[in-house]
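S.K.: Next up is a structure, given as structure tokens.
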Amino acid sequence: MKKLGLILMACAMIMGTFQCKKNDEINKFENNNESVFITLNVDEGTRANVVPEEDIAPVYYAEGDMIHVVSDGKYIGTLTYTGTNFSGDITNPTEGQPLHFYFLGNVIPTESLVVGETSSCSVIISDQTTSHPVISYAPSNQYYSAVTTNYTATLLNKCALVKFNVTTASEAATCITGMNNKVTIDFATNEFAYSQEGEGVIKLAAGNGEKWVILLPQDALEAGEEGSAYSEDGNYTGTHEAIPAIIDNGYLKSGVAVTINTPVSGGVPTGAINGLFTINANGDQVYFSQGNLQYIGSAATPYWKFADNQWDYLGTITGQNGSNQNVDRDLFGWGTSGINHGSVCYQPWSVSQNNNDYYVYGSFSYNLFDQTGQADWGYNAISNGGNNVNEWRTLTVNEENYILFNRSTSSGIRFAKACVNYVQGVILLPDNWNIDMYSLNKTNQRWASFDSNIISASQMSALEEAGVVFLPVGGRRDGILVEYVRSRGDYWLADSDSGGVGAYGIFFDDNYLGGILCNRYFGLSVRLVQDHNP
């Protein structure tokens, strides 16, 4: 059996050959008239990516890679790589016809593949920050027969490998627009059609230097204007050099220069989730911070930061169920920014059970945003949120209500209860949320339970890139008693009860989501926002 590999022979021309030859033997083990178990043997397959070298770029498989099988114009099954070979069941292959094998780089098709019914599918290869989605195809060299035990096929690429030389001022992924990033396959004719999904974005790995990507065939592009390349965080734009025509099996290794150094006014703030949320009828918008606010009192020089992950909360693990100022905490009495703004209790470790001690600016009638604004936690320099004073703030009652219950969004979805990475809470969907990206249950229902949507950490990572915010159930503190951790979320808002001793917030548990009037001395979670200034 010939060695499996994608051998790329460099030519004198800029565009060399990018040829995938996988000469593989398929053994039929059993045939029960309807279901046939076959194995596709491969040699030395170790990795599921393209490995660019001087004159070749071999493709290796990794465990879990998939090849889709088609017979007589219909999808009939999937073969999965086990570390040694591809194997799986195919259903009702047509006698006297070849089998057709499609390797789609493990990109999930936009359609659901139904055995015996699906006659075409599409994949989008936009995101190439972690892997190269090689697209290749071959028919079997023999017609299918119930008595035939061996099949061979030589897979050839329907894409090209191209190098970009990136210069960027951002630490985020580099995005290039105007590219064919979608391929649609007609199983009846085995034809590949290439097109642009959205703005035709191809997303490269973050950082400067050489970036190898897979491109689909398309005509040559002239040098791009400002904005034809940009950083995924929205903070910088730039340009790219002219891109030659892309052909099947192409290998362009000379490098296309991409420069992304132009700051964008009003770009995504440092420490923010890249999603915009409208807060009022005027159309004003905000970004949410990347996680709940934390005070790191255990450091030699205490500081404020945002949680590393959206689902992070401290509970009692640091000893915040007390008044020790040298512990880390994320449950704060109202207005405890650490800046002396006129209240008795203004330090983040304050645990007095007297509401009067938490009157910001010295009066029960003031809100966090009144007077100097220094009672708001966001007035502090947040270490991983830009580290400048007075950049962040707490939402008001009206703004929070508008986000949850009054916003108009492109998807019609504003929020949903969920369990993310085994942590319960509420997810907020940005204004431009694409409903096709992820299917959510019981949306906009404040009485839904947390298990309505079970989301893994990796799934949440993708959702976060699309601007999704998650508020975890961090519990609350009543004096020095921390309670309801992992079952209830309580978050402060910026408004006081001007006629009484309390202040406003929101809370949610497995049965409800809504506003709450709370004792100011309670310790609640804080999630800050920053205004969007386009």
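S.K.: Anything in the stretch 480-511 that is aliphatic (A, V, I, L, M) and outside any loop (DSSP other than H, G, I, E, B)? List them, or say none.
M.R.: Here is the first cut: in the stretch 480-511, the residues aliphatic (A, V, I, L, M) are 480-482, 485, 493-494, 501, 503, 506.
Of everything in the stretch 480-511, those that are aliphatic (A, V, I, L, M) and outside any loop (DSSP other than H, G, I, E, B) turn out to be 481, 482, 493, 494, 503, 506.
S.K.: If I ask for residues that are under 28 Å from residue 428 (Cα atoms) and free of Cβ contacts under 8 Å to residues at least 24 places away in the same chain, which ones from the stretch 292-317 would you list? Working first, answer last.
M.R.: Within the stretch 292-317, the subset under 28 Å from residue 428 (Cα atoms) is 292-296, 303-317.
Those that are under 28 Å from residue 428 (Cα atoms) and free of Cβ contacts under 8 Å to residues at least 24 places away in the same chain: 307, 308, 317.
S.K.: Report yes if some residue within the stretch 413-421 is β-branched (Val, Ile, Thr), within 29 Å of the chain's Cα centre (by Cα) and modelled with pLDDT of 95 or more; otherwise report no. Break it down into steps so the answer makes sense when it comes.
M.R.: As a first pass, look at the stretch 413-421 and keep what is β-branched (Val, Ile, Thr): 413, 420.
Narrowing further to those that are within 29 Å of the chain's Cα centre (by Cα): 413, 420.
Remaining after also requiring modelled with pLDDT of 95 or more: 413, 420.
Yes, the conditions are met somewhere in the stretch 413-421.
S.K.: Further, regarding this structure: Would you confirm whether or not the stretch 158-167 contains a residue that is farther than 19 Å from residue 124 by Cα, of a type in the set (S, T, N, Q) and assigned to a strand (DSSP E or B)? So that I can check it myself, show each step before the final result.
M.R.: First pass over the stretch 158-167, keeping only residues farther than 19 Å from residue 124 by Cα: 163-167.
From what is left, the residues that are of a type in the set (S, T, N, Q) are 165, 167.
Pick out the ones that are also assigned to a strand (DSSP E or B) and you get 165, 167.
Yes, that holds for at least one residue.
S.K.: A follow-up question, please. Of the residues 233, 248, which single one is in the same structural domain as residue 178 (by TED's automatic domain parsing), out of contact with any Asp or Glu (no Cβ under 7 Å at 6 or more places or on another chain), of a type in the set (D, E, K, R) and closer than 30 Å to residue 97 by Cα? Break it down into steps so the answer makes sense when it comes.
M.R.: Values: 233 fails: closer than 30 Å to residue 97 by Cα.
Every option except 248 fails the conditions.
S.K.: Does residue 230 fit the bill of being in a strand (DSSP E or B), in contact with a Pro (Cβ under 9 Å, 6 or more places away or on another chain) and either within 22 Å of residue 532 (Cβ to Cβ) or not small (Gly, Ala, Ser) (or both)? Can you show your working first?
M.R.: Details: in a strand (DSSP E or B): yes; in contact with a Pro (Cβ under 9 Å, 6 or more places away or on another chain): no; either within 22 Å of residue 532 (Cβ to Cβ) or not small (Gly, Ala, Ser) (or both): yes.
It is false that residue 230 is in a strand (DSSP E or B), in contact with a Pro (Cβ under 9 Å, 6 or more places away or on another chain) and either within 22 Å of residue 532 (Cβ to Cβ) or not small (Gly, Ala, Ser) (or both).
S.K.: Something else: In the stretch 461-499, what residues are under 27 Å from the mean Cα position of the chain (by Cα) and charged (D, E, K, R)?
M.R.: Within the stretch 461-499, 464, 465, 486, 488, 490 meet the criteria.
S.K.: Only residues that are out of contact with any Lys or Arg (no Cβ under 6 Å at 6 or more places or on another chain) and either within 12 Å of residue 419 (Cα to Cα) or outside the structural domain of residue 292 (by TED's automatic domain parsing) (or both): list them for the stretch 450-470, please.
M.R.: Initially, the stretch 450-470 is screened for residues out of contact with any Lys or Arg (no Cβ under 6 Å at 6 or more places or on another chain), giving 451, 453-470.
Matches in the stretch 450-470: 451, 453, 454, 455, 456, 457, 459, 460, 470.
S.K.: Give just the number: which of (1) closer than 30 Å to residue 322 by Cβ; (2) touching a Ser or Thr at 6+ places or on another chain (Cβ under 7 Å) does residue 475 not satisfy?
M.R.: Against the list (1) closer than 30 Å to residue 322 by Cβ; (2) touching a Ser or Thr at 6+ places or on another chain (Cβ under 7 Å), residue 475 comes up short only on (2).
S.K.: Of all residues in the stretch 488-534 being farther than 26 Å from residue 287 by Cα and hydroxyl-bearing (Ser, Thr, Tyr), which is modelled with the highest pLDDT?
M.R.: 521
S.K.: Just checking, which of 390, 434 is within 23 Å of residue 271 (Cβ to Cβ), assigned by TED's automatic domain parsing to the domain that holds residue 279 and without any contact (Cβ under 8 Å) to a residue 40 or more places away in the chain?
M.R.: None of the other options fit; the residue is 390.
S.K.: Return yes when residue 335 is outside any loop (DSSP other than H, G, I, E, B) and crowded, with 22+ Cβ neighbours inside 10 Å and no when it is not. Spell out how you get there, then give the answer.
M.R.: Details: outside any loop (DSSP other than H, G, I, E, B): no; crowded, with 22+ Cβ neighbours inside 10 Å: yes.
No: the conditions fail for residue 335.
S.K.: Then there is this: Given 258, 286, which one is out of contact with any Lys or Arg (no Cβ under 7 Å at 6 or more places or on another chain), farther than 18 Å from residue 178 by Cβ and not in a loop (DSSP other than H, G, I, E, B)?
M.R.: 286
S.K.: Answer yes or no as to whether residue 477 is outside any loop (DSSP other than H, G, I, E, B) and either closer than 29 Å to residue 197 by Cα or out of contact with any helix residue (DSSP H, G or I) (no Cβ under 9 Å at 6 or more places or on another chain) (or both). Steps first, please.
M.R.: Values: outside any loop (DSSP other than H, G, I, E, B): yes; either closer than 29 Å to residue 197 by Cα or out of contact with any helix residue (DSSP H, G or I) (no Cβ under 9 Å at 6 or more places or on another chain) (or both): yes.
Answer is yes for this residue.
S.K.: While we're looking at this one, here's another question. Residue 166 - would you say it is more than 30 Å from residue 261 (Cβ to Cβ), at pLDDT 90 or above and of a type in the set (A, V, I, L, M)? Give the derivation first.
M.R.: Details: more than 30 Å from residue 261 (Cβ to Cβ): no; at pLDDT 90 or above: yes; of a type in the set (A, V, I, L, M): yes.
Criteria not met by residue 166.
S.K.: Would you confirm whether any residue within the stretch 523-532 is in contact with a Leu (Cβ under 8 Å, 6 or more places away or on another chain), over 18 Å from residue 377 (Cα atoms) and without any contact (Cβ under 8 Å) to a residue 40 or more places away in the chain?
M.R.: Applying the first criterion (in contact with a Leu (Cβ under 8 Å, 6 or more places away or on another chain)) to the stretch 523-532 yields 523-529, 532.
After this cut, where a residue has to be over 18 Å from residue 377 (Cα atoms) as well, the list is 532.
Within this subset, residues satisfying the condition of being without any contact (Cβ under 8 Å) to a residue 40 or more places away in the chain are none.
Within the stretch 523-532 (the criterion being in contact with a Leu (Cβ under 8 Å, 6 or more places away or on another chain), over 18 Å from residue 377 (Cα atoms) and without any contact (Cβ under 8 Å) to a residue 40 or more places away in the chain), the answer is no, since none of the residues qualifies.
S.K.: Within the stretch 124-150, work out how many residues are touching a residue at least 60 places away in the same chain (Cβ under 8 Å) and either in a loop (DSSP other than H, G, I, E, B) or closer than 18 Å to residue 74 by Cβ (or both).
M.R.: Within the stretch 124-150, the first condition is being touching a residue at least 60 places away in the same chain (Cβ under 8 Å), and the residues that meet it are 124-136, 138, 140, 144, 146, 148-150.
Keeping just the survivors that are either in a loop (DSSP other than H, G, I, E, B) or closer than 18 Å to residue 74 by Cβ (or both) gives 125-126, 128-135, 138, 140, 144, 146, 148-149.
Result for the stretch 124-150: 16.
S.K.: Of (1) more than 15 Å from residue 288 (Cβ to Cβ); (2) in a helix (DSSP H, G or I), residue 418 satisfies all except one. Which?
M.R.: (2)
S.K.: Further, regarding this structure: Only one residue in 53, 63, 34, 117 is modelled with pLDDT of 90 or more and either over 33 Å from the mean Cα position of the chain (by Cα) or at negative phi (or both), so which one is that?
M.R.: Values: 53 fails: modelled with pLDDT of 90 or more; 63 fails: modelled with pLDDT of 90 or more; 34 fails: modelled with pLDDT of 90 or more.
Matching residue, one of 53, 63, 34, 117: 117.
The values are calculated or read from the model by the stated rules, or taken from the named source; none is laboratory data. Values in this document were obtained by computation on a predicted structure and should not be read as measured data. Here the Cβ is made from the backbone with ideal geometry for all residues, glycine too, and neighbour counts use every protein chain on show.
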